[in-house]
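Engineer: First the structure, then my questions, so here it is.
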Amino acid sequence: MNINLKGLKIAVIGGNNPCKRILEILTGPGLKELAPEVVMVADNLTHSEGILYAKEKGIRVTADYNDICKLFGIDVILKLKNDAILSCILEKINTERVSIIDLGAHRAMSFLNFLEAEEEKIKIKRKLQASEIDRNEIMELFDMYSGRIRRNADEESRFLESEREDLIEIEKELFQVIQGSMIPTFIINNEHIITHWNRACEELTGQKAYELVGTDRQWVPFRSAKRPTMADVIVGGMSEEEVSKYYGTSWRKSALIKEAYEAEEFFPHLGEGGKWIFFTAAPIKSPDGKIIGAIETLRDLTEDKRAKEELELQDKELSTLYEKYKKSEEKYRSLFNNNPNPIFIVDRETFEILDVNHRVENEYGYAKTDLLGRSFFDIWEKSDETVRQSLEGLPKNGAILFTKKKHFKKNKTSFFVNVKVVHATYIHRDVLIASATDITESVEKDTQLIQAGKLATLGTMAAGMAHEINQPLNVIQICADLILKMINKGMSIPNDELVMMAKDIIDNVTRAAGVIKHVRDFSRQSERDLKKLIVNDPIKDVFKVLGHQISVHSIQVKLELDPELPEIRAEHNRLEQVFINLVTNAIDSMDENADKAEKEGVKAEKMLGIKTYAKENQVVVEVSDTGLGMDEEVKRKIFEPFFTTKETGKGTGLGTSISFGIIKDYGGTIEIESEYGKGATFIIRFPAIV
């Protein structure tokens, strides 16, 4: 360690050992000729040795680390403390003007040795400048000085060897995390040389790591001629004008990560027909704030661009870059905290939260200290038992994706996320790395679409509702008319007849109220609330609202509902919407087929069949009809939004698309067996609760 102390203005963070000894030397007579000045000592522990000594010497002290950032004219900050909050605070320091020296346990002692050596050196100079020189005393001082230098060098060599071994271990762990990430990622150093090119990046670009690592050819998969990648832009310290020269208006500064850039661009040389890629790049810094490299992540947006759909499942396979990079904790934090998604590090056995990045604090509203040591499941919906069961059964080096799960912020508000969890090893400890992507807006749009389809379905149900309500009203009217006639004629009404009529009125009022409540419950917009249910129940409710319509259309119904079905996890209301859609489509198809047959002088059979049964840990529902059927083109398009075979104005084209989404939400599948002119069968499968 070699620092020019002459006239140096110094601030110290941390009053713990050896702060007091450092202050004694810096303010003592031994370095008087160099005149270093200690401007401030900061520590939230106000009774530490260093703070008390600074007060004694009249040096300004503070418990607020932010005061360090407000100092003007200081040259160096000696950091003797490793509070996590310090990394955030010291980001405000202009490191081009102020040097930050991180003094860990070893480096603090090394700095102290340096100061003591400087004292001895000055002492020797004083003796040499004296009018009378004692040769033996000078020789003794030189021997002491050279001995100290030798001891310092030996100690530094031992530390460097230990640090080298630690760095090798950290590099191995970092390589494992980078390679295990599902997000295409590469890293370059400050000489623009590729140091990491993970498997996901190989798969996206078609370029193998062994072809690129150790070279500056990171542009090859994306360009036909050499041009800086976004990581090169950061390492090269390009101005905004230079960046615009290469990226035009497609780039922007990251709103989340300081000094990071992001852009979205089409690359015709990627894959077949080219790919749309969203890429982000962030700097990797050394402890003194200098850029020593950059990390760039890529995201394939091609399908979203082509389909013009919401970016619902972005970052599905993002794990994390949670490891130290090269020498220090600050390098690891640069990778970890600069990631654009919330990331949790969780103990594999206890599910205790071990670490979180800054994005978690921003999105969830918790301070980091609020979360450390808490259960990972505290932020999940309590009723969702499948998450814990899935994570407990996650194999080593395995990964799992949870979609459309509800998380809760500190203020108890909920939002929907996709969560990718991977198993990893961190310093010989099994952990789970969980990355969350907020999809609340997408889920809300899905909900609105389902509600729109539900209201459209209510129009179809109107005729059945009128019939279901008119029947009890007619009974009530008849009973009321009979009672009124007998009263007007002065006739007494026998008690048993009066009781029977009152019972009829009460039963039919209850029946009408039940029908109205069913319509109201069906039409309301509710939050997702998965519960255990028997699929037969929503199927039976379909005939409560469509029973009259089926009779009017002269349709025979064949129900084969297995009474011993296992339960599934779903929502009654939304499943009823699925089966109403399938039944109304079947009615329309059979009517169309009957009209066609009538024109040909024959009579077509109208038969609706619904069958349920269990098979191989699945609950199966088959809905069949003797309608017009479908050709191959219709079968391919039937689940596309707004596709309909009905006449203009008679169909929204949303029913089957919404039904497909609902079934998929519950982990189910739907298949079609049909030929044109031979009816259709929809086969729906749900995972059974074992």
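Engineer: Between a residue in segment 226-253 that is in the same structural domain as THR205 (by TED's automatic domain parsing) and surrounded by fewer than 17 Cβ atoms within 10 Å (Cβ to Cβ) and any residue that is at pLDDT 90 or above and acidic (Asp, Glu), which pairs come within a Cβ distance under 7 Å, given they are 6 or more apart or on different chains?
Structural biologist: Short answer, once both residue conditions are applied: ARG252/GLU262.
Engineer: When ALA586 is evaluated against the numbered criteria (1) part of a loop (DSSP other than H, G, I, E, B); (2) among the small types (Gly, Ala, Ser); (3) surrounded by 19 or more Cβ atoms within 10 Å (Cβ to Cβ), which criterion, by number, is the only one it fails?
Structural biologist: Going through the list (1) part of a loop (DSSP other than H, G, I, E, B); (2) among the small types (Gly, Ala, Ser); (3) surrounded by 19 or more Cβ atoms within 10 Å (Cβ to Cβ), ALA586 breaks only (1).
Engineer: Quick one: THR205 ticks every box in (1) surrounded by 12 or more Cβ atoms within 10 Å (Cβ to Cβ); (2) farther than 19 Å from MET182 by Cα; (3) not hydrophobic (A, V, I, L, M, F, W, C) bar one, so which box is it?
Structural biologist: It is condition (2) that THR205 fails.
Engineer: Could you list all residues from segment 661-674 that are crowded, with 20+ Cβ neighbours inside 10 Å and either among the aromatic types (Phe, Trp, Tyr) or part of a strand (DSSP E or B) (or both)?
Structural biologist: Residues satisfying the conditions are ILE670, SER674.
Engineer: Determine the pairs where a residue that is modelled with pLDDT of 80 or more, located within segment 631-642, has a partner that is not in a loop (DSSP other than H, G, I, E, B) with Cβ atoms under 7 Å apart, the partner being 6 or more residues away or on another chain.
Structural biologist: Hits for this filter: LYS635/ILE672; LYS635/SER674.
Engineer: Moving on to the next point. If you check PHE402 against the conditions, is it surrounded by 13 or more Cβ atoms within 10 Å (Cβ to Cβ), in contact with a helix residue (DSSP H, G or I) (Cβ under 9 Å, 6 or more places away or on another chain) and at pLDDT 90 or above?
Structural biologist: No; evaluated as a whole, the condition is false for this residue.
The values are calculated or read from the model by the stated rules, or taken from the named source; none is laboratory data. Just so it is clear, the structure is predicted and the values come from calculations on it, not from any experiment. Using ideal geometry, Cβ is built from the backbone for each residue, glycine included, and neighbour counts are taken over all protein chains shown.
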